[in-house]
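I have a structure I would like to understand better, so I am pasting it below and will then ask my questions one at a time.
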Amino acid sequence: MFTRRNLLAVLAGLAAAPCWAAGRRQASHPGLDAVIDISHSTRVKDFRLARHYSRVLAVIHKASEGGDWVDPLYARRRTEAEGAGLLWGAYHFGTREYSGAAQAALFLRTAKPGPATLLALDLEYNEQNPANTMGIRQAEDFVRAVAAATGRRPLIYTTAAWADNEPVGARQQRLGGRVTEDSILAQCPLWIADYRVRPELPSAWRGKGWHFWQYAGDTRDGGLRGAMARKVAGIESCDRNYFRGDETTLRKFWTAREMPHKTRKA
């Protein structure tokens, strides 16, 4: 089956040398390698080990999916991670079955965001159930609902191909419309997934750049740097992410009341 991770791994294999795509910009440097993202499927032994031995500063954990599923380990892991001195974030995996507003409501009830909780929407091809893939209008409604409730726009986790409405997966499925610069999605900070040497940006974020770059996945096909995902102390494999800035900038960004959507040009 053709999956997102397989796609990213294939692209990574094609990118042994820097690859530039027409009409898109790529980042010129990685940034701070201190952010991981996980879910209930990730085995965690001790967040303190990750903090002190692997220099992890922040965790983004899955909180919910669709309109009726809650990650059973979210609340417990939050207590453990914050107790270890880690920054905490929550993400929602979007689906088609429920409206964007309904999914946002579940996400907020589950995430229980405070001033120091990073929020994110996972907007990608649903490889497990393609027919239940979130559409662009649902994603926009989700962001509006989260922004109205919290005063902050969530990160948008996606790939360049998906955000640009290119066909993905065995069914050659599309998002349902390209994310344009005037979409509320493009006003959100970008969390780009790309396992190649340099990340490729969706056209709507051209000139803004990414805030987070997921550069390695938690599976064996997790890209050129996939082995890095299995080298975090106290955690049995996880997705790895760069933040575009230093530690001081990361902490300011994480707790910003209104997240900026512009960065220096990539």
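Hey, among the residues in region 84-99 that are of a type outside the set (A, V, I, L, M, F, W, C) and buried (at least 19 other Cβ atoms within 10 Å of the Cβ), which one's farthest from L250 (Cα to Cα)?
Top of the filtered list is Y98.
Among the residues of region 100-136, which ones are among the small types (G, A, S), surrounded by fewer than 21 Cβ atoms within 10 Å (Cβ to Cβ) and out of contact with any strand residue (DSSP E or B) (no Cβ under 8 Å at 6 or more places or on another chain)?
A101, A102, A105, G114, A131, G135, listed by residue number.
Residues that are charged (D, E, K, R) and modelled with pLDDT under 90: does region 200-210 have at least one?
No, because not a single residue in region 200-210 is charged (D, E, K, R) and modelled with pLDDT under 90.
Being buried (at least 19 other Cβ atoms within 10 Å of the Cβ) and either on the phi > 0 side of the Ramachandran plot or small (G, A, S) (or both) is the filter here; which residues of region 137-172 pass it?
If the condition is that a residue be buried (at least 19 other Cβ atoms within 10 Å of the Cβ) and either on the phi > 0 side of the Ramachandran plot or small (G, A, S) (or both), then A139, A145, A147, A160, A161, A163, G169 are the ones that fit.
Another question about this same structure. Does region 144-163 hold any residues that are outside any strand (DSSP E or B) and under 14 Å from the mean Cα position of the chain (by Cα), and which are they?
Listed by number, the residues that qualify are R153, P154, T159, A160, W162, A163.
How many of the residues in region 82-132 are assigned to a helix (DSSP H, G or I) and of a type outside the set (D, E)?
Residues meeting the conditions: 16.
Looking at R198 and the list (1) in contact with a strand residue (DSSP E or B) (Cβ under 7 Å, 6 or more places away or on another chain); (2) within 22 Å of Q103 (Cα to Cα); (3) part of a loop (DSSP other than H, G, I, E, B), which single condition is not satisfied?
(2)
Say we look at region 39-58 and pick out the residues that are in contact with a strand residue (DSSP E or B) (Cβ under 6 Å, 6 or more places away or on another chain) and surrounded by 15 or more Cβ atoms within 10 Å (Cβ to Cβ); which of these is nearest to Q103 (Cα to Cα)?
My answer is S39.
I've got another one for you. Pairs, please: C-beta under 8 Å, at least 6 apart or cross-chain, first residue in contact (Cβ under 8 Å) with a residue 40 or more places away in the chain and in region 172-185, second crowded, with 19+ Cβ neighbours inside 10 Å and among the basic types (K, R)?
These pairs meet every condition: I184/R153.
Restricting to region 69-81, what's the tally of residues that are of a type outside the set (S, T, N, Q), assigned to a helix (DSSP H, G or I) and more than 27 Å from D194 (Cα to Cα)?
Going through region 69-81 one residue at a time, the tally reaches 3.
The values are calculated or read from the model by the stated rules, or taken from the named source; none is laboratory data. No experiment lies behind these values; they were computed from the predicted model shown. Virtual Cβ from ideal backbone geometry, glycine too; neighbours counted across all protein chains shown.
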